Amino acid sequence: MTANKSASAQPFHMDVMAIRKAAKKLDDGPVTAGYQGNRKEIVSMLNDALATELLCVLRYKRHYFTATGPGVESVKAEFLQHAGEEAGHADRIAERIVQLNGEPDFNPAILTPRSHAEYDASTNVKEMIKADLVAERVAIESYRQMIERIGDSDPTTRQMLVEIMTNEEEHADDLRDLLQ
């Protein structure tokens, strides 16, 4: 007996009926009957994450365009890079919402209330960096909680959130380095 097999293990057989049933509801796109997630809850969480990412894009762009002073070019480059990456996160989240048959909410009137992070209008470069670091830490914790809540019920959304959270951790590390 090998370490991977037990005496009572049954051979794996595909559920052909479930597979054929998945081919029937074309309007549901990638969401099959086997989907275990709470779509309404997950779409709501993702719309909050979308609002957070969009607000982060706006904050980073503001910081990029308004940061001034000697030696600030490398900091501005970091702000611009992070803004682009946050926009990419927003795109991925919006795409996933649509895959889950939801509607991505881009309504500017409710971005701020739905966002986990806050907008920042600092004029001091060091304060800008601090505000961005705070927002990254907020995003990291938000994604951690979403990942925990989703668990194994929606592996595709979970994997996307893990990848985005990894990038947010890199941003936090970059900003911490800028402060030192």
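Could you tell me which numbered condition S44 fails, if it satisfies all but one of (1) free of Cβ contacts under 8 Å to residues at least 24 places away in the same chain; (2) open to solvent by less than 30 Å² (accessible area, probe 1.4 Å)?
It fails just one condition, (2).
For the stretch 84-92, check the following and say yes or no: at least one residue is at pLDDT below 95 and open to solvent by less than 20 Å² (accessible area, probe 1.4 Å).
Scanning the stretch 84-92, I find no residue that is at pLDDT below 95 and open to solvent by less than 20 Å² (accessible area, probe 1.4 Å), so the answer is no.
On the basis of being in contact (Cβ under 8 Å) with a residue 40 or more places away in the chain, open to solvent by less than 10 Å² (accessible area, probe 1.4 Å) and either touching an Asp or Glu at 6+ places or on another chain (Cβ under 8 Å) or of a type in the set (D, E, K, R) (or both), does Y35 make the cut?
In short, no.
Just for the stretch 63-75: of the residues that are of a type outside the set (V, I, T) and buried (at least 18 other Cβ atoms within 10 Å of the Cβ), which one is farthest from E103 (Cα to Cα)?
A67
Can you pull out every residue in the stretch 93-111 that is surrounded by 14 or more Cβ atoms within 10 Å (Cβ to Cβ) and closer than 14 Å to E53 by Cβ?
Passing the criteria: I93, A94, R96, I97, P104, D105, L111.
Per-residue answers, yes or no, for (1) among the charged types (D, E, K, R); (2) modelled with pLDDT of 95 or more; (3) within 21 Å of E141 (Cα to Cα):
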{"site": "V16", "(1), (2), (3)": "no, no, no"}
{"site": "M45", "(1), (2), (3)": "no, yes, yes"}
{"site": "D48", "(1), (2), (3)": "yes, yes, yes"}
{"site": "L54", "(1), (2), (3)": "no, yes, yes"}
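Going through R149, R137, R114 one at a time, which residue ends up being open to solvent by 30 Å² or more (accessible area, probe 1.4 Å), more than 11 Å from the chain's Cα centre (by Cα) and under 13 Å from E53 (Cβ atoms)?
Result: R114 is the single residue among R149, R137, R114 that is open to solvent by 30 Å² or more (accessible area, probe 1.4 Å), more than 11 Å from the chain's Cα centre (by Cα) and under 13 Å from E53 (Cβ atoms).
The values are calculated or read from the model by the stated rules, or taken from the named source; none is laboratory data. None of the values given here were measured: they were computed from a predicted structure. Using ideal geometry, Cβ is built from the backbone for each residue, glycine included, and neighbour counts are taken over all protein chains shown. Note: accessible area is taken over every heavy atom of the protein model, side chains too, but ligands, DNA and RNA are not part of it. Shrake-Rupley method; radii C 1.70, N 1.55, O 1.52, S 1.80 Å.
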